[in-house]
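A short reminder: the numbers here are calculations on the coordinates, not readings from a lab. Note that the coordinates shown come from a computational prediction; the quantities given were computed from them, not determined experimentally. Neighbour counts are summed over all protein chains in view; Cβ atoms, including those assigned to glycine, are modelled from backbone coordinates with ideal geometry.
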Amino acid sequence: SNSNFISGKDPGSIERKIATKDQHIYNGEIYTTNPGVIMKFTPNLDLKSLLADTSQINFYTMLPLTGSVYVKGGANGVYINNTPTQIKAKVSKVRKYNEHILACTDEGLYIKRGEKYFLINEKKGLPDNQCIQIEYFGDQYYKLLTKTGLAYIDKVDCKVAGSFNAQLLGSDIIIHYFDVENDTIWLATN
């Protein structure tokens with residue numbers, strides 16, 4: 001949206017209109033990422049502005065690792081607080097599962113496991129390099145949505161375990177969102 005409202009509360013500390021780029025729930029608190037601002041809504045809907053810095057306007061996504069350590073992703077790659085990582089591509093989503101940091105980029109999916117980095121792209125079995133959504137699925141896989149398909153990524157060896165190319169449904173199909181329920185995959189497309 002063009003501004004942040006939750007249960008009728010307007011963030012009065014932020015005067016200008018801002019566009020919410022990402023949201024994440026951590027320890028019962030809601031974090032939203034906006035150009036130059038990371039905000040936190042507590043369970044009683046109090047608002048705190050975190051890391052408000054207009055020089056960080058190119059960050060699109062973030063998540064807390066602890067109460068004071070954040071992973072941020074944007075036009076210039078992934079940062080842990082203000083320290084850059086080896087991921088330099090434009091990041092649309094960043095998530096953490098167990099000890100893995102996963103970054104959806106225009107070059108594919110990057111997985112940071114400790115000091116090791118893995119890049120999964122079309123050459124390694126993705127339907128498209130442009131990642132849109134990444135979720136944890138069961139004990140063995142990450143489920144990944146790209147611009148034109150789905151892939152299951154084995155979390156142990158960081159390789160594509162299976163994929164579905166949406167072009168099988170039609171030549172111009174783009175998937176915008178997906179969910180998995182039991183053995184059924186639900187796709188929201190154009």
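Distance cut-off 20 Å, Cα to Cα: go down the list 88/143; 123/143; 123/155; 96/159; 72/96 and report the pairs above it.
Result: 88/143 exceed 20 Å.
Starting from the 7 Å offset along Cα-to-Cβ, what nm value, one decimal, do you get for the label separation of residue 161 and residue 190?
Distance between label points: 3.1 nm.
Only loop residues by DSSP count here, and only those with at most 11 other Cβ atoms within 10 Å; note down the GluC sites (Glu not before Pro) in region 93-137 that meet that.
Filter output for region 93-137: 99, 115.
Multiply the residue separation of residue 154 and residue 183 by 0.36 nm, subtract the distance between their alpha-carbon atoms, and state the gained length in nm to one decimal.
8.7 nm
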